[in-house]
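Student: The structure that follows is given in the form of structure tokens.
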Amino acid sequence: MSVFLIKTIQLILCFALLIVLHEGGHFFFSKLFGIRVEKFFMFFDYKFHLFSTHDKWFARLFPRIAKNETEYGIGWIPLGGYVKISGMIDESLDLEQMKQPVQEWEFRSRPVWQRFLVMVGGVLVNFLVALFIYAMILFAWGEDTLPVRNISHGFSYNEMAEAIGFCDGDVPIRADDQPIDVWNGTVYRTISQAKTVTVLRNGSEVTLDMPAEGINLLEMLEQDPRFLTVNVPTEIDSVVPGSPAAKAGILKGDRIVGVDGQPTAWWSDFDAIMGRKADILASDCSHEDSLRLRQLTIAVMHTQTNTIDTIPLMLDEEYHLGITKMHYLNYYTTEHRDFGFLESIPAGITYGWETLKGYVSDLRYIFSKKGAQSVGSFGTIGNLFPAVWDWQSFWQITAFISIMLAFMNILPIPGLDGGHIFFLMVEAITRRPPSDRFMEWAQYVGMAIILALMALAIFNDIVKFVF
């Protein structure tokens, strides 16, 4: 099965699950308060649908289900889903219904607090589902962490970090008064927001003053090399058969100790050299320059004989050497912790809450040029999933997307749940509901904003994956 297909199946399964659960939150509270739900659709069904319980063939097979007041179905546009609730202005823009007298089963006939729970139901379910998934991940697989003090070789730093005062080999152990205990993605965010960072340098603690305005997190992550990377010896984990490395006689376990006369003690050194070549290759260089840049002289230490060979070779047409790097977890000792069922629940809640706080903190970068360029749609989200099927990774990413959807939906943008909730709060304060005409135009504006954001995300994906 191809990598593309594996990622696509995971993406569809994740979205289908979260959409059904989100809309199920609205559905649950609607039914709880006796409000009629006319349609419950996964994906949008503009003009036509893939399946509906009101289809003639389904009605003949299952007449009792088909007579249900709610039509269940699957649309053809995989951009979300919806429940059509009687007596409210939503994506369906069913304005004719709103011109009719108010009926007792309609959304608009219910008190504000009931309508509030109906609208917040989807967000609430997404958030609770994320916390539940995180708890079950801890219960099923436990937690593996890499204490930073176990990273004995330290870290490598790029030019931005060195300008602040970081040195290769430093191990960050504290940001302001907050200890940095384990190595994970949050370390970048912690350092970017800190006023001071304390590092362990040659056995002594050294405190560095950070820029007063902080550091842009996107720049830290997008720079090549990154702000800091774990030092990993240049040992080869595997060699692709038929690749330039295989043809040159390079074997699993060998170490690349030099490239074109430049020493490579760590994979970060190797990546920096190859990155400079990639930058030149990405420019409009001639065919002769391209061939020249593909030629390398690599110094290889053979572990079997403990000898060093200098090997000339040429990268393939995609500029790949054909090796897999040894992961840092092969060098540094991790700590594993198992969780009992009851113990996993508060731990999952804490993990989910910290994830939400980090996501909300990072949202401010969306309003920058680089942040806008980083907004992605299905291509970007699908690329989060691993190339091989791994249930732990699948559920980890699904939980994160669920939290992301919960927060995005609660934003007070017309057309989203948060927009409806905002207008309900205004109604509760003023004791006057907004007019149907106002809600109609608010829905148009909200849908325009959402479509514009989706267009931006799809455009970014096209630029990223095609050009």
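The values are calculated or read from the model by the stated rules, or taken from the named source; none is laboratory data. Quick caveat, the model's predicted, so the values are computed rather than measured. Cβ: placed from backbone, ideal geometry, glycine included. Neighbour counts: every protein chain shown. Quick note on the areas: whole protein, heavy atoms, side chains included, nothing else; ligands and nucleic acids left out. Shrake-Rupley method; radii C 1.70, N 1.55, O 1.52, S 1.80 Å.
Student: Would you mind telling me which numbered condition in (1) assigned to a helix (DSSP H, G or I); (2) modelled with pLDDT of 95 or more; (3) crowded, with 23+ Cβ neighbours inside 10 Å MET136 fails?
Tutor: (3)
Student: Can you run down the residue pairs with Cβ atoms below 6 Å, 6 or more apart or on separate chains, where the first is in segment 147-162 and in a helix (DSSP H, G or I) and among the polar types (S, T, N, Q) and the partner is surrounded by 14 or more Cβ atoms within 10 Å (Cβ to Cβ) and modelled with pLDDT under 95?
Tutor: So the pair list comes out as ASN150/TYR332.
Student: Could you list all residues from segment 189-207 that are under 25 Å from ALA272 (Cα atoms) and open to solvent by 10 Å² or more (accessible area, probe 1.4 Å)?
Tutor: Within segment 189-207, ARG189, THR190, LEU200, ARG201, ASN202 qualify.
Student: Considering only residues that are within 18 Å of TRP267 (Cβ to Cβ) and of a type in the set (Ser, Thr, Tyr), which ones fall in segment 288-314?
Tutor: Of everything in segment 288-314, just one residue is within 18 Å of TRP267 (Cβ to Cβ) and of a type in the set (Ser, Thr, Tyr), namely THR303.
Student: Kindly indicate the residue of segment 148-169 that is within 26 Å of PRO233 (Cβ to Cβ) and loosely packed, with under 15 Cβ neighbours inside 10 Å and also modelled with the highest pLDDT among those meeting that condition.
Tutor: Top of the filtered list is GLU162.
Student: Inside segment 328-408, counting only helices (runs of 4 or more DSSP H) that do not spill past its ends, which hold 1 or more residues that are surrounded by 14 or more Cβ atoms within 10 Å (Cβ to Cβ) and modelled with pLDDT of 75 or more? Outline the logic, then answer.
Tutor: On the way: elements: 341-362, 369-374, 378-382.
Of the helices (runs of 4 or more DSSP H) lying wholly inside segment 328-408, those with at least 1 residues that are surrounded by 14 or more Cβ atoms within 10 Å (Cβ to Cβ) and modelled with pLDDT of 75 or more span 341-362.
Student: Go through segment 312-327 and give me each residue that's in contact with a helix residue (DSSP H, G or I) (Cβ under 9 Å, 6 or more places away or on another chain) and not small (Gly, Ala, Ser).
Tutor: Going through segment 312-327, the residues in contact with a helix residue (DSSP H, G or I) (Cβ under 9 Å, 6 or more places away or on another chain) turn out to be 313-317, 319-323, 325-326.
Result: LEU313, MET314, LEU315, ASP316, GLU317, TYR319, HIS320, LEU321, ILE323, LYS325, MET326.
Student: Then there's this: Quick check on my filter: what residues within segment 388-429 are in contact (Cβ under 8 Å) with a residue 60 or more places away in the chain and acidic (Asp, Glu)?
Tutor: Of everything in segment 388-429, those that are in contact (Cβ under 8 Å) with a residue 60 or more places away in the chain and acidic (Asp, Glu) turn out to be ASP417, GLU427.
Student: Would you list the helices (runs of 4 or more DSSP H) that sit entirely within segment 240-320 and hold 2 or more residues that are touching a Gly at 6+ places or on another chain (Cβ under 9 Å) and either modelled with pLDDT of 90 or more or open to solvent by less than 40 Å² (accessible area, probe 1.4 Å) (or both)? I'd like the intermediate steps shown before the answer.
Tutor: Details: elements: 244-247, 267-282, 287-294.
Output list reads 244-247.
Student: Considering only segment 243-262, how many residues are free of Cβ contacts under 8 Å to residues at least 40 places away in the same chain and either under 19 Å from GLN295 (Cβ atoms) or among the hydroxyl-bearing types (Ser, Thr, Tyr) (or both)?
Tutor: Of the residues in segment 243-262, the ones free of Cβ contacts under 8 Å to residues at least 40 places away in the same chain are 252, 260-262.
Checking which are either under 19 Å from GLN295 (Cβ atoms) or among the hydroxyl-bearing types (Ser, Thr, Tyr) (or both) leaves us with 260-262.
The number of residues fulfilling the criteria is 3.
Student: Restricting attention to segment 409-442, report how many residues are in a loop (DSSP other than H, G, I, E, B) and open to solvent by less than 60 Å² (accessible area, probe 1.4 Å). Steps first, answer last, please.
Tutor: The initial filter retains those residues of segment 409-442 that are in a loop (DSSP other than H, G, I, E, B), namely 411-416, 431-435.
Those still in the list that are open to solvent by less than 60 Å² (accessible area, probe 1.4 Å) too: 411, 413-416, 434.
Number of matching residues: 6.
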